[in-house]
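This report concerns only the one structure given below.
The values are calculated or read from the model by the stated rules, or taken from the named source; none is laboratory data. What you see is a predicted model; the values in this text were computed from it and never measured. Backbone-built Cβ (ideal geometry, glycine too); neighbour counts: all protein chains shown.
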Amino acid sequence: MQLSQLGGSEGLEHNPTLNRESMVALGAFSALTAGAVLLNASSTREAVEGRWYKHLKKPSYQPPRQAFAPVWTTLYGLIAVSGWRIWGSPAGAQRSRALGLWFVQLGLNAAWSHLFFRKRRLKAAAVENWVLLGSIAAYTAAASRVDRKTPWFMAPYLGWVSFANVLSTDIARRNA
């Protein structure tokens, strides 16, 4: 598969060495993102099936449980590709800043599930979700200065986490 088919950074698809390096990097970004998925899944699975979560007061607009896996699978794929695109851009301070913010948002993403589901700290999770949203916005803005296509990979994630902010804050309020 050519880099151009994956939305790869312009110019990389012409160099076979960079192409292989780029595919390894895509695998690394995918593995890092999968690590966040595994952390989230371990915190979430037991809690969602348990008594505590079932008895939480939740708003009527909460999506059905079955919606979360396909949505997050798609979003995590987009997150990995966005980081890979930034990595494939020319080195410099803006790229370094964007990559740093990519790692921050991924770490905060993993922390939310731990706070909400494992620690059952609903207010702390709601606050952390606002920080996560800010980090996604900061990454998206920084990434846009490095690669003009990357914000489009992050837009669905930004939208979903915005909705999750409303949901998380409402659940925390209802169960205070």
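Assorted remarks:
- The residues of the range 94-122 that are touching a Lys or Arg at 6+ places or on another chain (Cβ under 8 Å) and farther than 26 Å from Asn175 by Cα, listed by number, are Gln94, Ala98.
- Which numbered condition Met1 misses (of (1) modelled with pLDDT under 90; (2) assigned to a helix (DSSP H, G or I)): (2)
- Unique match (being farther than 23 Å from Val24 by Cβ, modelled with pLDDT of 90 or more, crowded, with 17+ Cβ neighbours inside 10 Å and not β-branched (Val, Ile, Thr)) among Trp52, Trp102, Trp72, Trp87: Trp72
- Filter result (in contact (Cβ under 8 Å) with a residue 24 or more places away in the chain and under 21 Å from Tyr157 (Cα atoms)) within the range 123-134: Ala125, Ala126, Asn129, Trp130, Leu132, Leu133
- The set of residues in the range 10-38 being aliphatic (A, V, I, L, M) and at pLDDT 80 or above consists of Met23, Val24, Ala25, Leu26, Ala28, Ala31, Leu32, Ala34, Ala36, Val37, Leu38.
- Scanning the range 43-85 for residues that are hydroxyl-bearing (Ser, Thr, Tyr) and in contact (Cβ under 8 Å) with a residue 40 or more places away in the chain yields Ser43, Thr44, Tyr53, Tyr61, Thr74, Tyr76, Ser82.
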